[in-house]
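Below: the structure, in structure tokens.
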Amino acid sequence: MNQLLQRSLWVAVPMAFAVGHALADYPLMNMVADKVIQKYQSSSCEQLWQQTQQPKSEQEQRVIGLLKSDPQMRTAFMDKVAGPIANKMFECGMIP
């Protein structure tokens, strides 16, 4: 095995374990993240544009407050939802 690949594995394996461990520590957050991902994947671009104009529900505000108060949970949440949300927003022309 060449040295570059070997060094990459020394970095990648612990990182993968840490991400997996962080996700396992927050089962409720995982359920919310899955719901958010599903919402973005199943909504049309027009629906997403309309939803951004609506005020947040009380439940959404509580989840946002929880994520604001727990940086580790927020990081795990963002790591999970960032890719699917960014891809949908790109498809919809919401980000360049």
Condition first: modelled with pLDDT of 90 or more, assigned to a helix (DSSP H, G or I) and in contact with a Cys (Cβ under 9 Å, 6 or more places away or on another chain). Can you find one or more residues in the range 26-47 that meet it? yes
Does residue 60 satisfy the criteria of being of a type in the set (Asp, Glu), in a helix (DSSP H, G or I) and surrounded by fewer than 11 Cβ atoms within 10 Å (Cβ to Cβ)? no
Considering only residues that are surrounded by 11 or more Cβ atoms within 10 Å (Cβ to Cβ) and of a type in the set (D, E, K, R), which ones fall in the range 63-79? 70, 74, 79
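What's the total number of residues in the range 66-96 that are among the small types (Gly, Ala, Ser), over 16 Å from residue 33 (Cβ atoms) and assigned to a helix (DSSP H, G or I)?
Adding up the residues that qualify gives 1.
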Can you confirm whether residue 51 is of a type in the set (S, T, N, Q), surrounded by 10 or more Cβ atoms within 10 Å (Cβ to Cβ), at pLDDT 90 or above and assigned to a helix (DSSP H, G or I)? no
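The values are calculated or read from the model by the stated rules, or taken from the named source; none is laboratory data. As the structure is a computational prediction, the values presented were derived from the model and not from experiment. Note that we place each Cβ from the backbone using ideal geometry, even for glycine, and neighbour counts take in every protein chain shown.
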